[in-house]
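Some notes on the structure that comes next.
The values are calculated or read from the model by the stated rules, or taken from the named source; none is laboratory data. All values derive from a computational prediction rather than experimental measurement. Cβ placement follows ideal geometry from the backbone for every residue including glycine, while neighbour counts extend to all protein chains displayed.
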Amino acid sequence: MYPGAMPGSVESIAVAPQESALPGAVGEIEVTARGLVGDRYGDAGDITLIEAEALEGLLADTGIELSHEESRRQVLTRGIDLNALVGKRFTVGTVECEGIELCEPCNHLQSLTKPGVLRGMVHRAGLRADIIGPGHIVVGDPVALGGDS
């Protein structure tokens, strides 16, 4: 599922200007040390990512289809094991990050989506990472280990 040292890639970026709004897809985004410009959490100093493979696994295992936007994560990746990035430095496009913790699903996410999401997304609901260095992310950019871990 995750090819050796090959980097993953950004499949989609989604942001929401308000907490209650469903995030919308954008082709690229500017990232400051405080967060993603234009996102409701743009001053949180972090970024959230989720694997396309996790959403596909949810569908295969439970029959529940959850879109990237419904997951409420900002960046959808493919080809990189995000869980393995906890405690490690990596880059998303030109943005340097450090994996902080897994984003486990919560009752709020399930209330906004579908019954079964809470149980189905345990340990695969994404990664929260601190933004170490600002930059730019474009759909198709690499996601790769890098920096000091």
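At a glance:
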item	result
Residue check, ALA129 within 15 Å of the chain's Cα centre (by Cα), in contact (Cβ under 8 Å) with a residue 60 or more places away in the chain and assigned to a helix (DSSP H, G or I)	no
Strands (runs of 3 or more DSSP E) wholly inside the range 4-85 that include at least 1 residues being touching a Gly at 6+ places or on another chain (Cβ under 7 Å)	8-15, 28-32, 46-51, 75-78
Matching residues, the range 64-83, being in contact (Cβ under 8 Å) with a residue 40 or more places away in the chain and of a type in the set (Gly, Ala, Ser)	SER71, GLY79
Qualifying residue in the range 61-73 (condition: modelled with pLDDT of 90 or more, surrounded by 15 or more Cβ atoms within 10 Å (Cβ to Cβ) and on the phi > 0 side of the Ramachandran plot)	no
Check on ALA14, closer than 13 Å to ILE137 by Cβ and among the small types (Gly, Ala, Ser)	yes
Residue count, the range 3-44 (criterion: exposed (fewer than 14 other Cβ atoms within 10 Å of the Cβ) and either over 14 Å from VAL95 (Cα atoms) or modelled with pLDDT under 90 (or both))	15
Some residue of the range 86-105 being under 19 Å from LEU59 (Cα atoms) and modelled with pLDDT under 85	yes
